[in-house]
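The values are calculated or read from the model by the stated rules, or taken from the named source; none is laboratory data. Just so it is clear, the structure is predicted and the values come from calculations on it, not from any experiment. Reconstructed Cβ throughout: ideal geometry from the backbone, glycine too, with neighbour counts over all protein chains shown.
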Amino acid sequence: MDLYPVINKPAIIIESDKRYLVVADLHLGKEYEYYKKGIKIPDVGQKMKADLLKIIKRKKVEELILLGDIKHNLPFTSYFEKLNLPKFLEFDIPVKLIKGNHDGNIEEIVDNEVMKSFRIDDHVLTHGHILIEGSNLIMGHIHPVVEFVDSNGKITRLKCFLRIEGPQNIIILPSFNPVIEGVSINKDEEIPGPYFESGRLEIKNFDCYLLDGTYMGKVGDIYH
């Protein structure tokens with residue numbers, strides 16, 4: 001099995017029995033949340049689908065895996081999601097859905113296969129909001145970003161991949177949604193999810209990579 005990032009995109013390619021494209025945390029329908037607050041933003045779903053189609057074509061992807069939190073609204077599914085999610089999932093290749101904590105009743109509105117985890121060779125793909133046993137995990141859920149502060153106090157947050165190798169090898173994907181920044185992993189912020197809340201994982205031990213491939217070092221070394 002071969003695994004590598006799509007440069008400058010919050011996505012990875014897995015090559016095994018077929019070529020998979022894996023993205024996490026689309027949160028389709030989040031713009032409807034902004035709309036209810038009186039904030040108008042473009043249809044982010046259309047941009048995400050266009051980006052996915054470009055990657056699929058360029059990388060000759062054979063199957064798409066959405067790694068949880070495909071939709072956004074909780075606890076119920078919004079009218080926006082019921083109308084737009086089935087259309088969004090219309091691709092010319094198979095699309096597998098890994099269920100996330102925002103996907104409570106997603107089976108009722110889509111025809112795609114929905115599962116809590118999916119195995120490719122010795123790697124288990126899961127969203128990250130529930131504990132899944134395995135020595136090689138790929139997950140999302142925490143929306144990792146690394147935060148920089150310049151000399152004028154301006155804050156910049158950049159999406160990043162996280163990776164740790166050892167008894168458990170884990171890769172954490174950033175959110176694919178361009179309007180979602182996420183959790184600043186190099187600040188004293190609570191990292192969501194049972195792997196971190198239980199103490200099984202420590203964020204400072206992870207290696208951090210920006211979307212362009214730049215290695216930032218261990219999270220603990222860039223902590224502030």
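Odds and ends about this structure:
- Among the candidates Tyr209, Tyr195, Tyr215, the residue that is among the hydroxyl-bearing types (Ser, Thr, Tyr) and farther than 19 Å from Ile7 by Cβ is uniquely Tyr195.
- Only a single criterion out of (1) touching a strand residue (DSSP E or B) at 6+ places or on another chain (Cβ under 7 Å); (2) within 29 Å of Glu202 (Cβ to Cβ); (3) not hydrophobic (A, V, I, L, M, F, W, C) is not satisfied by Asn112, namely (2).
- If you go through the stretch 146-179 and keep only what is more than 20 Å from Ile7 (Cβ to Cβ) and aliphatic (A, V, I, L, M), you end up with Val149, Ile155, Ile164, Ile170, Val179.
- Here the stretch 34-66 is the region considered, the condition is being out of contact with any helix residue (DSSP H, G or I) (no Cβ under 7 Å at 6 or more places or on another chain) and small (Gly, Ala, Ser), and the residue that is modelled with the highest pLDDT is Ala50.
- Only listed residue being surrounded by 19 or more Cβ atoms within 10 Å (Cβ to Cβ), closer than 16 Å to Pro174 by Cα and modelled with pLDDT of 95 or more, chosen from Asp69, Asp25: Asp25
- Selection status of Lys71, out of contact with any Asp or Glu (no Cβ under 7 Å at 6 or more places or on another chain) and farther than 21 Å from Leu162 by Cα: no
- Residue among Val183, Val145 that is free of Cβ contacts under 8 Å to residues at least 60 places away in the same chain, under 12 Å from the mean Cα position of the chain (by Cα) and over 20 Å from Tyr20 (Cβ atoms): Val145
- For Ser175: the one exception among (1) touching a Pro at 6+ places or on another chain (Cβ under 8 Å); (2) surrounded by fewer than 19 Cβ atoms within 10 Å (Cβ to Cβ): (2)
- For the residues Ile155, Ile180, Ile130, the requirement of being surrounded by 15 or more Cβ atoms within 10 Å (Cβ to Cβ), modelled with pLDDT under 95 and within 26 Å of Ile41 (Cβ to Cβ) singles out Ile180.
- Evaluated against (1) touching a residue at least 60 places away in the same chain (Cβ under 8 Å); (2) within 19 Å of the chain's Cα centre (by Cα); (3) farther than 24 Å from Ile13 by Cβ, Ser198 falls short on exactly one condition, (2).
- Residues within the stretch 182-213 that are of a type in the set (A, V, I, L, M) and not in a loop (DSSP other than H, G, I, E, B), tallied: 3
- Check on Val124, surrounded by 13 or more Cβ atoms within 10 Å (Cβ to Cβ), among the hydrophobic types (A, V, I, L, M, F, W, C) and modelled with pLDDT of 95 or more: yes
- Condition met for Glu31 (under 26 Å from Leu211 (Cα atoms), assigned to a helix (DSSP H, G or I) and in contact with a helix residue (DSSP H, G or I) (Cβ under 8 Å, 6 or more places away or on another chain)): yes
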